[in-house]
Amino acid sequence: ILMMIAIFLILVAIVLVILNFYTRHDESVVVPTVKGLQVEDAKGLLSRADLKFEVIDSVYQTGGVPGAIKEQIPKEDSKVKKGRTIYLIVQAKSVQMVAIPDLKDYSRRQAEGQLNSLGFTNIAIEEVSSPYKGWVISISYKGKIVTPGQKIPKGSALKMVVGAGGEEVEDSIDEVNTEVNIDNTFFE
């Protein structure tokens with residue numbers, strides 16, 4: 001039994017020494033700050049620190065420098081092992097394009113709400129005479145009417161043509177004075 005305990009302790013010690021060597025427990029490098037740099041510049045800085053990188057996402061923020069690194073994971077000054085991958089989020093190089101939904105015959109409030117949720121806040125409203133007050137007639141971008149599904153740059157200025165009401169609506173039912181001929185013999 002003592003021999004089994006001794007062999008077990010020796011095996012545990014060997015495994016711990018190998019594990020410590022394999023994981024390089026006390027060997028680490030400090031992650032450099034790459035926020036604000038272009039990806040090409042960060043590549044050299046990270047490779048000198050013996051780190052890899054991967055761009056995982058791009059975001060568009062108004063006024064940001066296209067291609068600049070916005071976020072890095074793990075954060076700067078963190079201690080990591082050599083060869084670790086640093087994940088980067090960069091500023092998109094172009095404006096995001098957004099598909100405009102079919103908003104014709106929506107109320108002005110509903111259409112504005114949908115456009116605001118898509119990132120369009122600069123919406124000029126033009127009222128024209130129509131049978132219905134407050135209903136969207138058309139949406140235009142740079143003077144051209146937008147078709148449903150058409151993609152335009154997010155945040156662009158749009159013009160919404162809305163009905164002002166007040167125009168008479170013709171009923172589809174004949175309201176013209178029609179004479180109804182009833183056969184009086186039926187009632188006699």
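If you go through region 132-147 and pick out every residue that is more than 19 Å from residue 102 (Cβ to Cβ) and surrounded by 13 or more Cβ atoms within 10 Å (Cβ to Cβ), you end up with 1.
Taking the criterion of being under 30 Å from residue 121 (Cβ atoms), surrounded by fewer than 16 Cβ atoms within 10 Å (Cβ to Cβ) and β-branched (Val, Ile, Thr), the residues of region 41-81 that qualify are 55, 56, 59, 62, 65. Select from region 65-113 the residues that are touching a helix residue (DSSP H, G or I) at 6+ places or on another chain (Cβ under 7 Å) and charged (D, E, K, R) and list them in ascending order. Across region 65-113, there are no qualifying residues.
Considering (1) closer than 30 Å to residue 29 by Cα; (2) of a type outside the set (Gly, Ala, Ser); (3) in contact (Cβ under 8 Å) with a residue 40 or more places away in the chain, the lone condition that residue 97 does not fulfil carries the number (1). If you check residue 72 against the conditions, is it in contact (Cβ under 8 Å) with a residue 24 or more places away in the chain and of a type in the set (S, T, N, Q)? Taking the combined requirement at face value, the residue satisfies it.
Taken over region 1-58, the residue count meeting the criterion of being in a loop (DSSP other than H, G, I, E, B) and farther than 18 Å from residue 83 by Cα is 4. Annotation: residue 85 fulfils all but one of (1) under 27 Å from residue 37 (Cβ atoms); (2) open to solvent by 40 Å² or more (accessible area, probe 1.4 Å); (3) at pLDDT 90 or above; the unmet one is (2).
The values are calculated or read from the model by the stated rules, or taken from the named source; none is laboratory data. Computed from a prediction, not measured in an experiment: that's the story for all the values here. Glycine also receives a Cβ, built like all others from the backbone with ideal geometry; neighbour counts cover every protein chain displayed. Surface accessibility is based on the protein's heavy atoms, side chains included, excluding ligands, DNA and RNA. Shrake-Rupley method; radii C 1.70, N 1.55, O 1.52, S 1.80 Å.
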